[in-house]
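Undergrad: Dumping the structure here so I can ask a few things about it.
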Amino acid sequence: MNNSLLNKGTAFTEAERDALGLRGLLPPQVMTIEQQLVRALGNFRRKADALEKYVFLTTLQNRNETLFYRLVQEHAEEMIPIIYTPTVGQACLEYGAIFRRPRGLFISIKDKGRIAEVLRHWPIIDVRMIVVTDGERILGLGDLGALGMGIPVGKLALYTACAGLHPYYTLPITLDVGTDNVALHDDPLYIGLHQKRVRGAEYDEFIEEFVQAVKSAYPKALIQWEDFGNTTAFHILRKYEKQVCSFNDDIQGTASVAVAGILSALRLTGGKLTEQKILFQGAGEAGTGIADLFTAAAQKAGLTEAQARACCWFVDSQGLVVKNRPGKLAEHKVPYAHDAAPIATLAEAVEKLRPTILVGVSGQGKAFTQAIVTKMAEINKHPVIFALSNPTSKAECTAEEAYQWTDGRAIFASGSPFAPVTYKGKTFVPGQGNNVYIFPGVGLGALACESKQITNGMFLTAAETLSKLVTQEDLDMGRIYPSLTKILEVSAKIAAAVLEECHREGLARLPRPADVEADIRARMFKPEYRNYV
Ligand code: NAD
């Protein structure tokens, strides 16, 4: 009863109560999981706000994972925004205050030299999926240090809920190297180290020790790097992507979901991939990750690498990213620093560059002003506008604004969910460019064949597969992603496509199954109670 993976609560049968010595520990009425679901859903909906709903779901997860996952799967559209964005952002901000029972491993810089020992304290010996953060850039909220633990916990819950990865295999980890969010140093309830972030060689050695300890403790594990600051994120990804099966969801998962959105949007505009001009606001992990994968997609469609990169332009905090900008440009921006005159603002850049697609990934809420969005509609019959910054308060514009300011012609997607909008009698369903469409399927596919690495080719395959799953009916509503109610199906198809790609790239350690999709589906965890007697 105290093991959340085994607990059935009031659903323990009469025979189980006798055999396991549970009689008296439970009320006499034996219930079905369906009855428990009615009760859990009622309790969930009675909670006054999203944070309380989050706390309720976390408590349920800690008590009875079968019931938790069944509830989340049956009400995916209602629950995913609670266990992940946008509510998880607020949950992280208040992680210290709502902290009840630790989930996952906290490894601090004080553990340097003994990380292998700390990993051994985790009770599961066959971990396959690790999501790890150092808390430096949590969503669009900045440095939250150890409070960032909500992110690996939430992402792993999505792996199970959305792709059926068995929860037994999952391990959330927070690497606490301190925080530069000084307000936390003064907060007596802050759960992490009250010190400035350790950087440089000491940080690099800590990460190196972590990777080696994981490789030896869990040789089959995939490491998902999550919400690292962008100076460390690119460096860690490049250093380890060929050494250990790993990827960075903020860079590669985001890229895949955004490219899938672009492919679907082009089905609506009728435009060609090779003829797009994309203007990004924000040249960080998300923006340059999307541009890199777009480049791969455009090359596959016939452009040279140089031509493909020339389709992507960036505005960052210092204006248009151009070649002759004084000072040293960060490495990830260099391929997109074109030979052009400097431009100070996004509005001016839209005016001069005349993009077909505008992507917001700078964490600057309200950056897409009415003037900017109207200009996009002047340039394009169907302007593609992605306001991807999270959480909702950081979105560059709302769905309603995008449709209103373009007279209903925009193809809009956002990072956090927006409700459908009715404009001039037509109802639009805005797409949510949620990474959850991609990473669970990619992870499941890679784990199913024990891939040695995760590559951009796999993320491009995932994007193409996702876009193909968008129906004409979805497109008619302006929706460029499938409904989240189909997420298990989406993940199964992506996992199968990724497994095939692993074989094409020669990275699979297991032989190719005869029926790939059946193999994937057979591996998926189903939230049903086992019979113990
Ligand atoms: P990041 O820190 O790596 O990059 C942010 C970039 O924005 C930097 O290049 C910075 O220079 C730029 N920037 C900051 N202020 C600016 C300003 N005033 N004008 C123009 N540019 C400015 O962060 P990231 O990982 O790239 O994430 C950025 C945002 O994208 C976050 O809000 C995050 O929540 C969101 N995001 C959304 C999704 C999704 O929707 N699926 C996925 C990942 C990230």
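The values are calculated or read from the model by the stated rules, or taken from the named source; none is laboratory data. Note that the structure is a prediction, hence the values are computed from the model and not measured. Cβ coordinates were reconstructed from backbone atoms using ideal geometry, including for glycine residues, and neighbour counts include every protein chain displayed. The area values use the complete protein model at the heavy-atom level, side chains included, leaving out ligands, DNA and RNA. Shrake-Rupley method; radii C 1.70, N 1.55, O 1.52, S 1.80 Å.
Undergrad: If you check every pair at least six apart or on different chains, which have Cβ atoms under 8 Å apart with a residue in region 184-206 that is under 11 Å from Ala146 (Cβ atoms) first and a residue that is charged (D, E, K, R) and open to solvent by 50 Å² or more (accessible area, probe 1.4 Å) second?
TA: Leu193/Lys110
Undergrad: Another question, if that's okay. Considering only residues that are within 16 Å of the ligand (Cβ to nearest atom) and among the basic types (Lys, Arg), which ones fall in region 363-383?
TA: Of everything in region 363-383, just one residue is within 16 Å of the ligand (Cβ to nearest atom) and among the basic types (Lys, Arg), namely Lys366.
Undergrad: Would you check which residues across region 66-119 are closer than 22 Å to Glu52 by Cβ and β-branched (Val, Ile, Thr) and list them?
TA: Matches in region 66-119: Val72, Ile80, Ile82, Ile83, Thr85, Thr87, Val88, Ile98.
Undergrad: Determine which single condition Tyr529 fails, assuming it passes every other condition in (1) in a loop (DSSP other than H, G, I, E, B); (2) within 22 Å of the chain's Cα centre (by Cα); (3) hydroxyl-bearing (Ser, Thr, Tyr).
TA: (2)
Undergrad: Does region 372-382 include one or more residues that are in a strand (DSSP E or B), surrounded by fewer than 24 Cβ atoms within 10 Å (Cβ to Cβ) and of a type outside the set (Phe, Trp, Tyr)?
TA: No, because not a single residue in region 372-382 is in a strand (DSSP E or B), surrounded by fewer than 24 Cβ atoms within 10 Å (Cβ to Cβ) and of a type outside the set (Phe, Trp, Tyr).
Undergrad: Applying the selection to region 56-93, what residues are over 24 Å from Glu489 (Cα atoms) and within 16 Å of the ligand (Cβ to nearest atom)?
TA: Thr87, Val88, Gly89, Gln90, Ala91, Cys92, Leu93, listed by residue number.
Undergrad: Restricted to region 461-483, and to residues that are among the hydrophobic types (A, V, I, L, M, F, W, C) and closer than 22 Å to Arg523 by Cβ, which residue is surrounded by the most Cβ atoms within 10 Å (Cβ to Cβ)?
TA: Only one residue fits best here, namely Ala462.
Undergrad: Of the residues Glu500, Glu505, only one is touching a Ser or Thr at 6+ places or on another chain (Cβ under 7 Å), free of Cβ contacts under 8 Å to residues at least 60 places away in the same chain, within 21 Å of Gln224 (Cα to Cα) and open to solvent by 20 Å² or more (accessible area, probe 1.4 Å); which?
TA: Matching residue, one of Glu500, Glu505: Glu505.
Undergrad: Turning to a different aspect of this structure: Restricting to region 492-525, what's the tally of residues that are part of a loop (DSSP other than H, G, I, E, B) and more than 12 Å from Ala163 (Cβ to Cβ)?
TA: Here the count works out to 11.
Undergrad: Any idea which of Leu71, Leu93 is out of contact with any Lys or Arg (no Cβ under 8 Å at 6 or more places or on another chain) and open to solvent by less than 60 Å² (accessible area, probe 1.4 Å)?
TA: Leu71
Undergrad: Let me ask something else. Is one or more of the residues making up region 262-271 open to solvent by 10 Å² or more (accessible area, probe 1.4 Å) and more than 26 Å from Val436 (Cβ to Cβ)?
TA: yes
Undergrad: Which of (1) among the acidic types (Asp, Glu); (2) surrounded by fewer than 24 Cβ atoms within 10 Å (Cβ to Cβ); (3) modelled with pLDDT under 95 is the odd one out, the single condition Asp292 does not satisfy?
TA: (3)
Undergrad: Hey, could you check region 384-409 for residues that are open to solvent by 10 Å² or more (accessible area, probe 1.4 Å) and more than 21 Å from the chain's Cα centre (by Cα) and say which is farthest from the ligand (Cβ to nearest atom)?
TA: Per the stated criteria, the residue is Asp407.
Undergrad: Which residues, counting only those in region 16-51, are more than 22 Å from the chain's Cα centre (by Cα) and within 21 Å of Ile98 (Cβ to Cβ)?
TA: Answer for region 16-51, where residues must be more than 22 Å from the chain's Cα centre (by Cα) and within 21 Å of Ile98 (Cβ to Cβ): Ala40, Asn43, Phe44, Arg45, Arg46, Lys47, Ala48, Asp49.
Undergrad: Among the numbered criteria (1) under 19 Å from Leu139 (Cβ atoms); (2) among the hydrophobic types (A, V, I, L, M, F, W, C); (3) modelled with pLDDT under 95, which one does Ala76 miss?
TA: For Ala76, the failing item is (1).
Undergrad: Take region 92-113 and flag every residue that is of a type in the set (Ser, Thr, Tyr) and part of a strand (DSSP E or B).
TA: Ser108
Undergrad: If you go through region 445-452 one residue at a time, do you hit one that is within 16 Å of the ligand (Cβ to nearest atom) and either outside any helix (DSSP H, G or I) or of a type outside the set (Phe, Trp, Tyr) (or both)?
TA: no
Undergrad: Output the residue which, of all residues in region 414-434 that are buried (at least 24 other Cβ atoms within 10 Å of the Cβ) and among the polar types (S, T, N, Q), is nearest to Ile480 (Cα to Cα).
TA: Looking at residues that are buried (at least 24 other Cβ atoms within 10 Å of the Cβ) and among the polar types (S, T, N, Q), I get Gln432.
Undergrad: Grab the helices (runs of 4 or more DSSP H) fully contained in region 114-219, keeping just those with 2 or more residues being open to solvent by 10 Å² or more (accessible area, probe 1.4 Å) and away from the ligand (no atom under 16 Å from the Cβ).
TA: 115-120, 182-185, 201-217
Undergrad: Here's a follow-up. Filter region 1-36 for residues that are open to solvent by less than 70 Å² (accessible area, probe 1.4 Å), part of a loop (DSSP other than H, G, I, E, B), farther than 15 Å from Arg63 by Cβ and touching a residue at least 24 places away in the same chain (Cβ under 8 Å) and give the result.
TA: Thr13
Undergrad: So in region 223-233, with the set limited to residues that are modelled with pLDDT of 95 or more and in a helix (DSSP H, G or I), which one is farthest from the ligand (Cβ to nearest atom)?
TA: Thr232
Undergrad: Given the structure, is Thr465 among the hydroxyl-bearing types (Ser, Thr, Tyr), in a helix (DSSP H, G or I) and at pLDDT 95 or above?
TA: Here the answer is yes, as Thr465 does meet what is asked.
Undergrad: Would you be able to say whether some residue in region 484-492 is buried (at least 19 other Cβ atoms within 10 Å of the Cβ), touching a residue at least 24 places away in the same chain (Cβ under 8 Å) and among the hydroxyl-bearing types (Ser, Thr, Tyr)?
TA: Yes, region 484-492 contains at least one residue that is buried (at least 19 other Cβ atoms within 10 Å of the Cβ), touching a residue at least 24 places away in the same chain (Cβ under 8 Å) and among the hydroxyl-bearing types (Ser, Thr, Tyr).
Undergrad: Which of the numbered conditions does Pro417 fail, given that it passes all the others? Conditions: (1) within 23 Å of the chain's Cα centre (by Cα); (2) more than 16 Å from the ligand (Cβ to nearest atom); (3) assigned to a loop (DSSP other than H, G, I, E, B).
TA: Going through (1) within 23 Å of the chain's Cα centre (by Cα); (2) more than 16 Å from the ligand (Cβ to nearest atom); (3) assigned to a loop (DSSP other than H, G, I, E, B) one by one, Pro417 breaks only (2).
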